[in-house]
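J.: Below is the structure I would like to discuss, written out as structure tokens.
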Amino acid sequence: MRYALQNYDKKTMARVIGTNLTISRKTCRDIGVFIKNRKVEWVISYLEKVAEGTAPVPYARFNSKTPHHAPFGPSGYPKKASLEIINLLNSLKHGAQAKGLNTSKLVIIHAAAHKGARLFHPAGRERKNTHFELAATEMEEKKQASKQPAAKNEAKK
């Protein structure tokens, strides 16, 4: 299985792919949009809340008849997809730790859901699978610029 991520750096990034997961590609896509550019630790704790049914995931697409929940609008509680993605995130975290990256600063830079195998069963029943890939890198925390109006005023004099 190939990765969709371009410009992958083996030294500073970690990646993982889950193949043939029996979860919805639609919900995986929306979870991927939601977790991108967020810290891995935060995402794991949030998806655990989603699996419990206490925190929703916003649906940006395929949401015409979706109920609205408090902070996001159209959203849902995809329990099965959340649990599978938590497993992938833990694997990603362990892979990054094996490379010597600081796992507390890991930020997800890539999350994508792809079409998986179609399994046919007797009597016309069909199951669709999903491939889900994640990539993370170690990001430095943003430093807040300190306001020093006194220094500017002294420079003008």
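FYI, it's all coordinate maths here, none of it is from the lab. Bear in mind the structure is a predicted one, so any value in this text is a computation, not a measurement. Every residue, glycine among them, receives a Cβ derived from its backbone with ideal geometry; neighbour counts consider all protein chains shown.
J.: Give me the net charge for the shell around THR66: Cβ to Cβ below 13 angstrom, other residues only, Lys and Arg +1, Asp and Glu -1. Please list the in-between numbers first.
T.: Numbers: positive: LYS26, ARG61, LYS65; negative: ASP30.
Every neighbour counted, the sum reads +2.
J.: Could you identify which residue out of PRO71, PRO56, PRO122 has the top mean-square fluctuation in a GNM of the chain using Cα springs shorter than 10 Å?
T.: PRO122
J.: To the nearest 10 degrees, how steep is helix 40-52 against the longest Cα principal axis of the chain, on a 0 to 90 scale?
T.: Taking the Cα atoms of the chain, the angle to 40-52 is about 40 degrees.
J.: Could you line up THR27, THR19 from fewest to most neighbouring Cβ atoms inside 10 Å? Numbers along the way, then the final one.
T.: Numbers: THR27 22, THR19 13.
If I rank by nearby Cβ atoms, fewest first, I get THR19, THR27.
J.: Tell me the label-point distance for the pair LYS80, ASN20, using the 7 Å Cα-to-Cβ offset, in nm and rounded to one decimal.
T.: With each label placed 7 Å out from Cα toward Cβ, I get 1.7 nm.
J.: Another one. Can you sort SER64, SER45 from fewest to most other Cβ atoms within 10 Å of each residue's own Cβ? Provide the component values of the computation, followed by the final result.
T.: On the way: SER64 7, SER45 12.
Placing the least packed residue first, the sequence is SER64, SER45.
J.: Suppose the Debye formula is applied to equal point scatterers at every Cα of the stretch 13-142; what is log10 I(q)/I(0) at q = 0.17, 0.23 Å⁻¹?
T.: -0.89, -1.34
J.: Build a GNM of the chain with springs between Cα atoms under 10 Å: which of GLY76, GLY116, GLY100 gets the top mean-square fluctuation?
T.: Judging by the Gaussian network model, the answer is GLY100.
J.: Given the pairs LYS10/LYS105; LYS10/LYS99; LYS79/LYS105, which span a C-alpha to C-alpha distance of over 19 angstrom in this model? Write down the numbers at each step before the final one.
T.: Working: LYS10/LYS105 17 Å; LYS10/LYS99 9 Å; LYS79/LYS105 26 Å.
Correct reply: LYS79/LYS105.
J.: Which residue fluctuates most in the GNM of the chain (Cα springs below 10 Å): ALA111, ALA51, ALA135?
T.: ALA51
J.: Measuring from label point to label point, each 7 Å out along Cα→Cβ, what is the ILE109 to LEU5 span in nm?
T.: Inter-label distance under the simple model: 0.8 nm.
J.: Here is a follow-up. Grab the Cα-Cα distance for PHE120 and GLU41, subtract it from 0.36 nm times how many residues apart they are, and report the gain in nm with one decimal. Can you show the working numbers first?
T.: On the way: separation 79, 0.36 × 79 = 28.44 nm, distance 3.74 nm.
Fully extending the segment from PHE120 to GLU41 adds 24.7 nm.
J.: Can you give the helix-only mean residue ellipticity at 222 nm for the chain, where every DSSP H stretch with n ≥ 4 adds -39500 (n - 2.57) and the sum goes over all residues, rounded to the nearest 500 deg cm²/dmol? Before the final figure, lay out each step's value.
T.: Details: 4 runs with 52 residues, N = 157.
Computed ellipticity for the chain at 222 nm equals -10500 deg cm²/dmol.
J.: Related question: Output the relative contact order of the stretch 13-142, whole-number percent, from Cα pairs under 8 angstrom with separation of 6+ residues. Each step should come with its number before you reach the end.
T.: Values: 245 pairs, mean separation 50.4, N = 130.
Once divided by the residue count of the stretch 13-142, the mean separation gives 39 percent.
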